[in-house]
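Peer 1: My questions will all concern the structure given below.
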Amino acid sequence: LNKTTGEQVFEWRSNRTDPIAFGELAVWICRWFGDAYLVPEKNGGGGTLFIKKVVDLGYAKLYHHVKPGIAYKARTEILGYFNPDGGIELLKGLESALVKNRVRVHSVVALREAGRYFLKNGKLVHSGEQAAEDGAAKGKAHGDAAIALCAAILGMDDWPAEKQEESKPEAPYGSFLWRRQQAEKARRSQGRKT
């Protein structure tokens, strides 16, 4: 997501990429986007392998886990987002961002997956888990694209905004404004020398 505009600018998904290869790809993509902030989900062994590969490649713009239940954001040394509630807080963040028009999502897949979550006995459940015909697949179908989108929104809110340099239009050479700007530059440079 573009932090400034909230627009979704990229999406990539595959269910056949191992976590280590995915870590390499994620670092390449983050660097391609000017060292983008990465918020990986840490649940399970796959997330741990992914984060280890990202760190081994020297990529440092990673989300650090925040201690829950504390009024201020107490960062830990733990990398990645741990999802203890199954995604309830992440999905609330997505809902809020959509309602407030803070994001423009282009992924139909992620939005469709987000819409398939529901609460059952106080737990967040993805309808794909419940509807799996095959007993071996039961509990494995879930909304990775939706959770990734939610993690991106978390990252958009978590990473501080970068200061934009003010760009002043060039004054025409020799004009009164140009001469005033030159005098101001000279005063500033004199102040630095003393």
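Peer 1: Between residue 190 and residue 57, what FRET efficiency follows from the Cβ-Cβ distance if R0 is 35 Å, with the result rounded to 0.05?
Peer 2: Working: r = 47 Å, r/R0 = 1.34.
Using R0 = 35 Å, I get an efficiency of 0.15.
Peer 1: Further, regarding this structure: Report the per residue volume, in Å³, of the convex hull enclosing the C-alpha atoms of segment 10-127.
Peer 2: Value for segment 10-127: 143 Å³ per residue.
Peer 1: Dimensions of segment 1-69 along principal axes (Cα, Å, largest first)?
Peer 2: Taking the Cα atoms of segment 1-69, the three principal extents are 35, 34, 24 Å.
Peer 1: Shifting gears a bit: Taking all pairs of distinct Cα atoms, average 1/r, flip it, and tell me the Kirkwood hydrodynamic radius of segment 71-128 in Å to one decimal place.
Peer 2: 13.4
Peer 1: Can I ask one more? Taking 7 Å along the Cα-to-C-beta vector as the label spot, tell me the residue 182-residue 99 distance in nanometres, rounded to one decimal.
Peer 2: The answer from the label model is 5.8 nm.
Readers should treat all values here as calculations from the given coordinates under stated rules, not as data from a laboratory. Please read all numbers here as calculations on a predicted model, not as lab measurements. Positions of Cβ are backbone-derived with ideal geometry, glycine not excepted, and every protein chain shown enters the neighbour counts.
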